[in-house]
1. Take the residues in segment C:41-71 that are crowded, with 24+ Cβ neighbours inside 10 Å and among the small types (Gly, Ala, Ser); name whichever of them is nearest to the chain's Cα centre (by Cα).
2. From C:Ser263, C:Ser286, C:Ser253, grab the single residue that is surrounded by fewer than 19 Cβ atoms within 10 Å (Cβ to Cβ) and hydroxyl-bearing (Ser, Thr, Tyr).
3. Looking at C:Glu28, C:Glu75, C:Glu64, which is the one that is without any contact (Cβ under 8 Å) to a residue 40 or more places away in the chain, in the same structural domain as C:Leu302 (by TED's automatic domain parsing) and within 17 Å of C:Gly110 (Cβ to Cβ)?
4. If you go through segment A:279-291, how many residues are among the charged types (D, E, K, R) and touching a residue at least 12 places away in the same chain (Cβ under 8 Å)?
5. For B:Pro122, indicate whether it is in a loop (DSSP other than H, G, I, E, B), closer than 30 Å to A:Glu450 by Cβ and of a type outside the set (A, V, I, L, M).
6. For segment C:368-417, which residues satisfy the criterion of being touching a strand residue (DSSP E or B) at 6+ places or on another chain (Cβ under 9 Å), without any contact (Cβ under 8 Å) to a residue 24 or more places away in the chain and either among the basic types (Lys, Arg) or assigned to a strand (DSSP E or B) (or both)?
7. Looking only at residues that are surrounded by 15 or more Cβ atoms within 10 Å (Cβ to Cβ), out of contact with any Ser or Thr (no Cβ under 7 Å at 6 or more places or on another chain) and of a type in the set (Gly, Ala, Ser) in segment A:268-308, which one is farthest from the other protein chains (Cβ to nearest Cβ)?
8. Test B:Lys76 against the stated conditions and say whether it is among the basic types (Lys, Arg) and in contact with a Lys or Arg (Cβ under 7 Å, 6 or more places away or on another chain).
Amino acid sequence: MDYDVLVVGAGVTGCATAMELTKYTLRAGVLEAGEDVCTGTSKANSAIVHAGFDALPGSLKARFNVEGSRLMPALARRLDIPYRRNGALVLAFSPEERAGLEELLRRGRANGVEGLELLDRQALRQREPRVSPEAWGALYAPSSAIVCPFELTAAMAENAAANGARFHFGARVTAVRREGELWALETQAGCFRAPVVINAAGLGGGTLHNLVSREKVSLVPRKGEYCLLDRKVGGLVSHTIFQLPTRMGKGVLVTPTVHGNLLMGPTALDVEDPLATDTTAAGLDRVIQQARRSVPELPVNRVITSFAGLRAHPEGEESDFILGEAPGAPGFLDAIGMESPGLSAAPAVGAFLAESAAYLVRASVNRSYDGSRPAVCRPAELSPEERAELIRRRPEYGRIVCRCEQVSEGEILDAIRRCPGARSLDGVKRRTRAGMGRCQGGFCMPRVLELLSRELGLPPEEITKGGGGSRLLWGPTRKRGGEGE
Amino acid sequence: MDEMELTCICCPIGCGLRATLEAGQVVRVTGNTCPRGEAYARREAVSPMRTVTSSVAVEGGVRPVVPVKTVPDVPKDRIFPVMDAIRDLTVPAPVRAGDVLLRDVAGTGADVVATAGLDKAP
Amino acid sequence: MISCDLAVIGAGPAGLAAAIAAREAGVEDILVLERDEAAGGILNQCIHSGFGLHTFQEELTGPEYAARFRARAEELGIPIRLGVMVLGLGSDRVLTLTSRERGLEQLRAGAVILAMGCRERPRGALNIPGYRPAGIYTAGTAQRLVNMEGLLPGREIVILGSGDIGLIMARRMTLEGAHVQCVAELLPYSGGLKRNIVQCLDDYGIPLRLSHTVVNIRGRERVEGVTLAQVGPDRRPVPGTEEDIPCDTLLLSVGLLPENELSEGAGVALDPVTGGPVVGEDFSTSVPGVFACGNALHVHDLVDFVSQEAAAAGRSAARFLKGGPPAGPVIPIRCRDGVRYTVPQHLAVEAMPPEVTVRFRVSAPFREKYLACYINGTRVFHGKKRIMAPGEMEQYTLRRAALPADAREIVFCVEED
């Protein structure tokens, strides 16, 4: 299949790029190895829109973080996704650490971050009473925010699709050839051609780059483990609370999420296996210990799940995003090494790459681009009268399928029917939160399975947790009967 | 003379019982702390019986399976043949609780009886 | 806004028994609210036998036990609304309901009985390290899949936790042709009934690995294996004891938690040990007119006791609706030294019936120890128990006749001699 621009990877960077590409008169395609958007690095991170005070001034990270953070509120509004500017605090635990805060303040101001302020112990405690009494002071960044990475990525993908971009799932790129002016990408789902390719393949981005470029890069999977706490304790702190960054990254943070949970993590450990998203006893212990250093009262018995994500870290210290044309590969644009603040930077990175790509294929501005997203129906956010009226028209919004997060059948059907839609249990979970609550799907899993099976026209044993070989069931216990099935 | 080790299930103590058998008859029980343990061992050592509960495939029902049990209990060593017979069985909807779905399952003399009803799919 | 005299939340064994008893005590206008498509609650998927020995002197399966109560409710003409979810409950006893058929509704109830049951602790609550592949289910979810949907979750099974559902599922999966490698239990003793250990594990040669836990889960897409390790007295894994067990499914039976989101929303005070409401001998909660019973109150081993307590809660709700006499002074029932909790947690001495059953659990297995009851610091009961185990609920009957007029406090404990 031929396109003007092919994006490899449907994570947050790839989907932002796809969305931005549809603002131009060009044919955009997205190739994704997984069964859905947001299945790699984008699904397991801190869900923070960073203010941008810790990136080295002049770096791509600094520029795109600050720009992305500036774009995010309007983007969230037009795509109808949750976003909350809750502010961040970087704690210092001794007078000696004050120098560290001052360095961040200096960097932040150089990067153009607004509203930064140093707080003494008293001002800190006033702003966030639950922080450790050991905290001696803090840097306050009011522009730091929280967002839902799943909804952000899915919403940008939906907007891209609504404006003409096409998504191909199960399309892992296995080989790249140059065919005249075109790049030919061999995938499990066939061969795709385009003059411009954008490499947003996350942890696979290094391998893809090295297939075409004379200058090789090495991406190290850097594992970060997290624990998520029950919404019952979500109000313990209101800010995103950091400790001073280390050589390995921003360190363990404690933050509320836009859905009212409390998140703590990540650790930072370089691993060899780019698929090693397993948590470890040592890692989880470390998360808890470090998080308690910031907020001693953290009720760790309220953990409802833990997970690990892998950031694609370019080898070397103070490394930067790798953005732009790969050396020796005309029309092959990289967006790799998108570790933190990759999520924050995504809207700005997408705009930058789309503009570069549009220039290369001589596309003009697409005047019929629609910046909105087909409305998402969230019954719980309606007034009682509106909700009652909705259920009168569409009874499926009246049946609750996920009791913990109170997600209705209608919302789950919507998630499956949207484009691109959910194809798996995790796809439904990421879009609707069904299964994300304190029982972690124990109650709703068989019910969501049934809806997926019905909507996709597949027998239940072919429904997966998250694509590939993640089938949920062995099969029926009895040979299947007649119409009852 | 045979000896058989058993764990009593009559109460949470779970006494370790030892039944002595002669010519297939229990002649002595030791290890029990109450008469219930002795009675249990006398039964269990000679002819252990179990209720098999499982489900049977239903054709045209609102659900694919209906729960069943064996009535009366079947010998413990016949559980798997009973299960094979239950697995091979398909009955049409509707099913009512108490319906006998299979007589003399696996030659045990016991019936497979539905323990719940299942309506026909609309 | 619609209204009724008594709203019962949940049509499981507790809700049905409560509604029946309330009707028998003269409450006409009852509405039972059930989120599932059938009444009976968790019993509908508990297709094994062993229910009802105390109530009916025979061994019934879960669906059969439920059917007896359903039939009685039907006979009494008690309306049960199915497929309706209670979204919220206020301290003013106004419920917010949602359903396919009737949409969003407000229901004002003269009295409310909380009978929502309990839910299973998921993997996340244990923080087991490893991957998060398909093939990890709570035992109850697996039970629903196998028994209601006719779907087999997997073929090579490891079960963590020896609670009764885990034991029952070990047998059930074996009968369905799966291979259960073992049941691992963190504690040095099982939380399940002896009878289930013999008839679900021993009968099938399934090993019970006490003082063991799962310390890692392998497999990126589907479970490929788990690492089992022995735990020390501190319940932490002992290094060097790890062993890899290949399997495609991990079932968890690691505890049940009373479901009380609605209760909390109404401001009902909860007991941090049971996870259920704090109640008096009449099963009244801290919110007037709101009563609690069943597994939403505290997790039971035997459904018979659920039915008994729920019936008492139903009668109390009926008394409340008739504007019964004031309860008079209330004294606390406390626990210490080996007794983890009691239900009820307090007692209205003047209003109490001639006998009140206090149910409780011990904190560890005790052999040849004494159960003691103190009133105002004076020991009034001292009885030797051959064995007491956390997995088996204990009970003691308080007699009104035996309570002194100046009773201020009742305490239960386990004593050495």
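1. Among residues in segment C:41-71 that are crowded, with 24+ Cβ neighbours inside 10 Å and among the small types (Gly, Ala, Ser), the one nearest to the chain's Cα centre (by Cα) is C:Gly41.
2. Details: C:Ser263 fails: surrounded by fewer than 19 Cβ atoms within 10 Å (Cβ to Cβ); C:Ser253 fails: surrounded by fewer than 19 Cβ atoms within 10 Å (Cβ to Cβ).
Matching residue, one of C:Ser263, C:Ser286, C:Ser253: C:Ser286.
3. Details: C:Glu75 fails: within 17 Å of C:Gly110 (Cβ to Cβ); C:Glu64 fails: within 17 Å of C:Gly110 (Cβ to Cβ).
Answer to the check: C:Glu28.
4. Taking segment A:279-291 as the starting set, the residues that turn out to be among the charged types (D, E, K, R) are A:285-286.
Pick out the ones that are also touching a residue at least 12 places away in the same chain (Cβ under 8 Å) and you get A:286.
So the count comes out to 1.
5. Values: in a loop (DSSP other than H, G, I, E, B): yes; closer than 30 Å to A:Glu450 by Cβ: yes; of a type outside the set (A, V, I, L, M): yes.
Yes; evaluated as a whole, the condition is true for this residue.
6. Answer for segment C:368-417, where residues must be touching a strand residue (DSSP E or B) at 6+ places or on another chain (Cβ under 9 Å), without any contact (Cβ under 8 Å) to a residue 24 or more places away in the chain and either among the basic types (Lys, Arg) or assigned to a strand (DSSP E or B) (or both): C:Glu368, C:Arg379, C:Val380, C:Phe381, C:Gly383, C:Lys384, C:Lys385, C:Arg386, C:Ile387.
7. In this case the residue turns out to be A:Ala268.
8. Details: among the basic types (Lys, Arg): yes; in contact with a Lys or Arg (Cβ under 7 Å, 6 or more places away or on another chain): yes.
Yes; evaluated as a whole, the condition is true for this residue.
The values are calculated or read from the model by the stated rules, or taken from the named source; none is laboratory data. Just so we're clear, the structure is a prediction, and the values are computed from it rather than from any experiment. Using ideal geometry, Cβ is built from the backbone for each residue, glycine included, and neighbour counts are taken over all protein chains shown.
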